[in-house]
Amino acid sequence: MPQFTYKARRRSGEVVQGVLDVADRAAALAQIERLGLFPVAVEAAKGGPAPGEKANRREALAAMLPPTLRQALTRRRKPKLQELATYTQQLANLLQAGMPLSSALNSMIHLESRGIPAEVSRQLRQDVMEGKSLSDAMARQPLIFSDLYVNMVRAGEQSGALVDVLRRMAAHFQQFAEVKGKLTSAMIYPLMVVCVGIGLILFFIYFMLPKFVEMFRGFEVNLPLPTQMLIAIGFFFTNYWWLLILLVAAAIILFQRFKASEAGRERLDRWKMNLPVIGRIVRLNLFGQFARTLSTLLENGVPMLTALKITEQVMPNRLLKEAIAKTRDAVTDGKTLAQPLAQSKIFPQLMVDLVKIGEETGDVPGALRNVAETYESELSIALRVMMNLIEPVLIITMAVGVGFLLLSVLLPMFKLISSIGTMPGR
């Protein structure tokens, strides 16, 4: 049986060394944990690398790389909200079952967590076994764990309620995933209809229209205006498609530059909030996200100023970012939360009133949670209303487009038949 030498720390910080006769490195780590030690280094004592040791050495070498380079080599991506909710819930369940943190993270390596590689849990476990806290270990992987996540875990560690914090975080991410799913689902149907309509029009212009034009050329018939317009459109698409691509590309580049500028981003965010119908949906989503994030942070013991700073970072709207920053400055100067929210002129009066009541009753997180639930419920209703409006608009638009195509084709045919009927000798 292979031998492994190890170096580990006791809970007091004392470093100890020894040799174990075990099958592989994983068994050595498990044995060290059962001894109540925190392993620092485990290596094969003789005979070259033990089974699986090469893979472990590759992992160790990867762990020595800078986080940015390591993420690029492993092709990591930022996990989706649903994936993060599942991962958090799995970790909470393991800890709730009585597993030590290092053992729970070891189990997370083997659990299937879509969107979060096993390397993430392996690195977390290694950092924890070296004496770091879970929050500090997560802070070393910013692509996976945001400031919001790290600070909530840190608050859970300090309060001794890590499992409860993880469960609330899982519910938080699940709620956001559901809201995002509703927004995405609301846009799928209109986009499909628009794509099908554009495809049909392009098919007619490229394949059907040339045949009709060829047919009409043999007759001396003055084409109606709709037919002339359709032929001109077809001619442009057939012969100047490259110009259309250049115009679209130029428009995209100019839009991206405008969006990248501070003034442009602010104007876009303001424009989106003021759009008819869609603007209300944008506002409800933003206000619900603000209230849900801030309430979750406060419920898990994160201080108000830190919670406001994290909420400011996660908000996607520049106007709300500025309003939250001013609110944080005002709270730092000793004002209540409701006062600067009201002075910003962005947050609705309902939110301000509920936050004020929460401050008077000493339950600001509960008041913000009620605000979030209110706006999320209104968002669901607004999405249904938008869908009810979009469907008839799309139907009318498609009917007008198809009607124009039919009219452009049928009018010259009727005129051609009429001219044939009035020819001499008929």
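The values are calculated or read from the model by the stated rules, or taken from the named source; none is laboratory data. Model, not experiment: these values are computed from the prediction. No Cβ is skipped: glycine too gets one built from the backbone with ideal geometry, and neighbour counts run over all protein chains shown. Ligands, DNA and RNA are excluded from the accessible area calculation, which covers all protein heavy atoms including side chains. Shrake-Rupley method; radii C 1.70, N 1.55, O 1.52, S 1.80 Å.
General observations
For (1) out of contact with any Gly (no Cβ under 9 Å at 6 or more places or on another chain); (2) open to solvent by 30 Å² or more (accessible area, probe 1.4 Å); (3) touching a residue at least 40 places away in the same chain (Cβ under 8 Å), each residue gets a yes or a no:
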| site | (1), (2), (3) |
| --- | --- |
| G279 | yes, no, no |
| T293 | yes, no, yes |
| V314 | yes, yes, yes |
| N317 | yes, no, yes |
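- Of all residues in the range 197-211, exactly one satisfies the criterion of being closer than 10 Å to G401 by Cβ and of a type in the set (G, A, S), namely G197.
- Among the candidates A399, A382, A323, A338, the residue that is buried (at least 18 other Cβ atoms within 10 Å of the Cβ), at pLDDT below 90 and of a type in the set (A, V, I, L, M, F, W, C) is uniquely A382.
- Meets criteria (open to solvent by 60 Å² or more (accessible area, probe 1.4 Å), touching a Phe, Trp or Tyr at 6+ places or on another chain (Cβ under 8 Å) and either of a type in the set (F, W, Y) or closer than 30 Å to G288 by Cα (or both)) for Y206: yes
- Selection count, the range 346-377, where residues are under 23 Å from the mean Cα position of the chain (by Cα), surrounded by fewer than 18 Cβ atoms within 10 Å (Cβ to Cβ) and within 20 Å of P303 (Cα to Cα): 0
- Matching entry among L61, L69, L94 (being at pLDDT 70 or above and not in a loop (DSSP other than H, G, I, E, B)): L94
- Residues located in the range 136-152, provided they are out of contact with any Asp or Glu (no Cβ under 6 Å at 6 or more places or on another chain) and within 17 Å of M108 (Cα to Cα): M138, Q141, I144, F145
- When residues of the range 137-180 are limited to those that are more than 20 Å from Q90 (Cβ to Cβ) and without any contact (Cβ under 8 Å) to a residue 12 or more places away in the chain, the one surrounded by the fewest Cβ atoms within 10 Å (Cβ to Cβ): G160
- Single match in N222, N239, N274 (criterion: under 30 Å from L368 (Cα atoms) and of a type in the set (S, T, N, Q)): N274
- Checking each residue in the range 295-306 for being open to solvent by 50 Å² or more (accessible area, probe 1.4 Å) and either free of Cβ contacts under 8 Å to residues at least 12 places away in the same chain or touching a Leu at 6+ places or on another chain (Cβ under 6 Å) (or both) picks out only P303.
- Checked against the criterion of being out of contact with any His (no Cβ under 6 Å at 6 or more places or on another chain) and modelled with pLDDT of 90 or more, the candidates L286, L275 yield just one match: L286.
- Residues satisfying the criterion are absent from the range 72-91 (criterion: more than 30 Å from V179 (Cα to Cα), open to solvent by less than 70 Å² (accessible area, probe 1.4 Å), modelled with pLDDT of 85 or more and part of a helix (DSSP H, G or I)).
- Listing of helices (runs of 4 or more DSSP H) fully contained in the range 259-337 that carry 1 or more residues being under 19 Å from L183 (Cα atoms): 262-274, 278-299, 304-314
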